[in-house]
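A.B. asks: Mind having a look at this structure? Questions to follow.
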Amino acid sequence: MTQEFSFQRISTSQMQTVELKKKYILQKILGYGQYGTVYKGVNQRTQETVAIKELRHSYKDQGINVQALREIEILKSIQCQQIVSFKDLACGENRTFIIMEYMEEDLLTALKRDTFSEQQAKMIMLQVLQGLAYLHNKGIIHRDIKPNNILNKNLEIKICDLGMAQNLKKLKPQTPRIQNHSYRAPEVFLGQKYCSKVDVWSAGVLFIQLLFKSNPFQGSSEHSCFQQILKYCGTPQEENWNGVTSLINYSTLIKEDPQPRILQTLLEKKMSPLLINLIDSMLTLDPSQRITAQDALQHPYFCGMNIERYFILINPYYTDALIKQMLAEKKAKLNNKLKQMSLTILMETKSLQFRKSSKKAKIAFDYSLILFSLNSVYQIIISFPQVFHNLQQQKQNLSTTSRNQIQRLYVIDLNHKIDIKEYNLEQSIVLAFLENLSTLNCQYCIFHQ
Ligand SMILES: Nc1ncnc2c1ncn2[C@@H]1O[C@H](COP(=O)(O)OP(=O)(O)OP(=O)(O)O)[C@@H](O)[C@H]1O
């Protein structure tokens, strides 16, 4: 076991399995992974639905397994709207439980059932790339991007399973045993030192899979998956990838005559030139020429989707008529700009029950869908508890009074100004809150109370 990951370090203040059983009720199995089972559970006190990932300790690790430690450490250090959030941890003698935010299903399940339109695939990929850009910016590579590790709730997307992730800042030796074969980047097959671009490759494969419902690089073995890459992306040669022929596995894996790149022809059947260009850039063989997640987000294909995002907070105590009126006004004002921005709906839902049952919440949600269909924007619903959770993670140590103050934040008008004086808010609180919003990629907030 490595120094960064010591059992003592994470176990001292964590609840034990007995307490976990008191705190959460396990409801059903959500999925099985290589290292354990993921359950749906409910926090008995708050009634919040959570996902509980159980990780068995292996004999070899003599305690908590390295993969679990890696996942916990990374999950705890990140706050990103597009990555599943960490909530709690419990350690037992032979297993560890990670409690996370719950999402309805993974993309593999959704892919088996649904066909995604290009607009839907676009929204999914925008969020996947946002999550990846966040991780890469922090020096973290996910190393296992595939549909089972992308969670979905009404096209709100979150990346999960950071068990394979690596923090490049820790300068540890790299293993080539990463990524599912069908999503594995060519440099990993060929034995080159890799970087965050391996995730961009996997994301490119996922993009094709969302559009065509199948993965062109699927194969029954590692070897056949690599052959599929050669078939569609062409043979890597010195002309298109400087130094490739000296890579350790080159001569073992590449024996046939060079094949041309036919990826574009395959895509042309179904896609616009901008989309083809983006996927082509994500699936460029040479990682040094492959697009980064950050640059992919700036690609003209996503133009207009990623410029501004609005949060609208709907207070559950509003009357239906008032909500309708407000939303109608907002719609009128936003209409012109709609083509250029994406809209995020932030609903204050004090409990999940409220979200499910309230007519008001439903109207607001329907409204977001109207905007959604007008502009093909994506919307995300975040509850106040989530915002507070993020704030706490940022170690702002907010007192109850401060939290209440935030809860009383008003937005004065559509000029996106928060009038601190009028509502007697401490500037530090507002700044803390705005900082929190920036971690959610939000520039403005529109609150009503
Ligand atoms: N937060 C969550 N909400 C809902 N379902 C989840 C959540 N996290 C995981 N799942 C489900 O459980 C499955 C397995 O989870 P995860 O990939 O984290 O486990 P793993 O043991 O690391 O798997 P792998 O074999 O890919 O390494 C996922 O594919 C998904 O279906």
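Taken together, the values in this text are just the output of simple stated rules run on the coordinates, not laboratory data. The structure displayed is predicted, hence computed values, not measured ones. Cβ atoms come from the backbone with ideal geometry, glycine included; neighbour counts cover every protein chain shown.
A.B. asks: For the residue pair GLN228 and GLU104, what label-to-label distance in nm results when each label sits 7 Å from Cα along the Cα-to-beta-carbon direction?
C.D. replies: Taking the two extended label points, one gets 2.8 nm.
A.B. asks: Moving to a separate point now. Expressed as a whole percent, how much of the Cα-Cα distance distribution for segment 160-212 exceeds 12 Å?
C.D. replies: That fraction is 68 percent.
A.B. asks: Run the quick spin-label model on GLN259 and LYS76: label points 7 Å from Cα toward the beta carbon, then report their separation in nm to one decimal.
C.D. replies: It works out to 4.6 nm between the two label points.
A.B. asks: Sticking with this structure for a sec: Give me the one-decimal nm value for the distance between modelled label points at ARG113 and LYS269, 7 Å along each residue's Cα-to-Cβ direction.
C.D. replies: Result for the modelled spin labels: 2.7 nm.
A.B. asks: What span do the alpha-carbon atoms of segment 74-225 cover on each of the three principal axes, reported in whole Å from largest to smallest?
C.D. replies: The Cα atoms of segment 74-225 stretch 42, 38, 31 Å along the principal axes, largest first.
A.B. asks: Given a cut-off of 25 Å, name the pairs among LYS23/LYS172; LYS22/LYS146; LYS87/LYS138; LYS193/LYS269 whose C-alpha atoms lie farther apart than that in the structure shown.
C.D. replies: From LYS23/LYS172; LYS22/LYS146; LYS87/LYS138; LYS193/LYS269, over 25 Å: LYS23/LYS172; LYS22/LYS146; LYS193/LYS269.
A.B. asks: Let me ask you something else. Need one number for segment 156-280: average projected area of the convex hull over its C-alpha atoms, nm².
C.D. replies: Its average projected convex-hull area is 9.3 nm².
A.B. asks: Of all GluC sites (Glu not before Pro) in segment 193-281, which ones are in loop regions per DSSP and have a Cβ with at most 13 other Cβ atoms within 10 Å?
C.D. replies: Those that pass, being in a loop and sparsely packed, are GLU238, GLU239, GLU256.
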